[in-house]
Amino acid sequence: MESFSQRKGIKLVKSVVQVDSMDDELRNSLWNALTIYYWNRVKRNTLGDYYLANDHNVEVLCERLWLNHFKIPLDTLPTSWPNARNKIRQHFFNCQWNEVYDFVEFVAIQYPDESENREFMKFCNTVLEQELSAYRFVGEMITQITSKEEISEIEEALKIPLKPVNDHLRRALDLFSDRKSPDYRNSIKESILAVEAICKLITGDAKATLGQCLKVIKDKVGLHPALEKAFNNLYGYTSDAEGIRHALLDESNLDFEDAKFMLVACSTFINYLISKSSKAGIKI
């Protein structure tokens with residue numbers, strides 16, 4: 001269900017998909033990933049003491065952090081693991097959002113066990129997807145997968161004061177951005193329904209299908225045949241693939257990337273149709 005801020009357009013898409021920020025949930029989840037894959041490896045010795053030297057790989061990682069990431073004197077690295085971890089923790093929870101990614105990327109490269117690093121990066125990607133981060137590990141680098149331009153297209157489309165279009169787009173975003181139970185399948189459906197809604201408004205035919213509308217729009221606003229074909233194909237995809245539109249299947253393999261693509265593509269196409277209709281003198 002949409003929050004008050006989302007319904008009123010106060011909560012922008014870029015605050016839902018985390019592009020230039022990082023909320024507490026995402027930061028906490030990344031710290032937990034570091035704890036599971038690295039920090040918990042340091043065990044007590046036979047005397048019951050927690051020394052950094054109790055785990056060689058973590059000790060090497062910390063030395064590399066002090067030398068090449070924090071760039072502070074190596075002789076300030078505590079021998080006590082709880083003290084060393086607390087210094088790392090203080091940095092992690094007080095640094096800027098982008099510095100968190102710098103840190104996570106550094107650890108995933110500099111920890112001596114490559115197989116463990118691969119598992120860590122895989123786990124991080126799951127966290128990043130669940131928390132709607134705009135970034136993922138691609139190879140050994142954290143890379144942006146959702147651009148500012150894509151975010152802008154969605155936000156521009158959400159500002160269109162046409163209730164049927166706006167309702168479907170906001171529903172698509174709401175289903176896509178539900179961090180506890182995202183519904184990618186129905187988000188895709190709502191995205192294409194938003195396109196269908198704008199096409200019906202442009203043609204003035206509330207009963208026409210998207211395919212029928214596109215044929216009329218092609219002549220009315222000068223829609224390029226390739227674009228008409230492309231969206232007819234997308235409409236067919238939502239009618240057939242995984243039974244999205246008609247719920248032919250109970251389960252779906254659709255994921256974050258599928259839903260994001262459709263939300264961005266449909267928003268962009270809606271913005272395009274609004275612009276073309278305005279130039280053609282069509283009032284919606």
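The values are calculated or read from the model by the stated rules, or taken from the named source; none is laboratory data. Source: prediction; values computed, not measured. No Cβ is skipped: glycine too gets one built from the backbone with ideal geometry, and neighbour counts run over all protein chains shown.
Does at least one position in the stretch 115-128 carry a residue that is of a type outside the set (Asp, Glu), in contact (Cβ under 8 Å) with a residue 12 or more places away in the chain and assigned to a loop (DSSP other than H, G, I, E, B)? Scanning the stretch 115-128, I find no residue that is of a type outside the set (Asp, Glu), in contact (Cβ under 8 Å) with a residue 12 or more places away in the chain and assigned to a loop (DSSP other than H, G, I, E, B), so the answer is no.
Only a single item in (1) loosely packed, with under 15 Cβ neighbours inside 10 Å; (2) within 29 Å of Asn57 (Cα to Cα) is not met by Phe137, and it is number (1). Restricting the search to the stretch 160-177, which residues are in contact (Cβ under 8 Å) with a residue 40 or more places away in the chain, more than 14 Å from the chain's Cα centre (by Cα) and assigned to a loop (DSSP other than H, G, I, E, B)? Correct list: Ile160, Leu162. Among residues of the stretch 254-274 that are over 18 Å from Glu228 (Cα atoms) and in the same structural domain as Ile217 (by TED's automatic domain parsing), none has a Cβ under 8 angstrom from a residue that is modelled with pLDDT of 95 or more and among the β-branched types (Val, Ile, Thr) at a sequence gap of 6+ or on a separate chain. Applying a threshold of 9 Å to beta carbon distances and a minimum spacing of six or more residues, or different chains, the list of pairs starting in the stretch 179-206 at a residue that is within 23 Å of Glu129 (Cβ to Cβ) and ending at one that is among the β-branched types (Val, Ile, Thr) and modelled with pLDDT of 90 or more reads Ser191/Val264. Looking at Ala157, Ala84, Ala108 in this structure, which one is buried (at least 16 other Cβ atoms within 10 Å of the Cβ), in the same structural domain as Leu173 (by TED's automatic domain parsing) and assigned to a helix (DSSP H, G or I)? Of Ala157, Ala84, Ala108, the one residue that is buried (at least 16 other Cβ atoms within 10 Å of the Cβ), in the same structural domain as Leu173 (by TED's automatic domain parsing) and assigned to a helix (DSSP H, G or I) is Ala157.
Against the conditions (1) touching a Ser or Thr at 6+ places or on another chain (Cβ under 7 Å); (2) in a helix (DSSP H, G or I); (3) not hydroxyl-bearing (Ser, Thr, Tyr), Arg136 satisfies every one except (2).
This table checks each residue for (1) modelled with pLDDT of 90 or more; (2) of a type in the set (A, V, I, L, M).
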position: Lys180; (1), (2): no, no
position: Ile198; (1), (2): yes, yes
position: Val216; (1), (2): no, yes
position: Lys220; (1), (2): no, no
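Close contacts from the stretch 71-98, counting a first residue that is under 28 Å from Asp20 (Cα atoms) and a second that is in a loop (DSSP other than H, G, I, E, B), with Cβ to Cβ under 6 Å and a gap of 6+ residues or different chains, come to Trp97/Ser21; Trp97/Met22.
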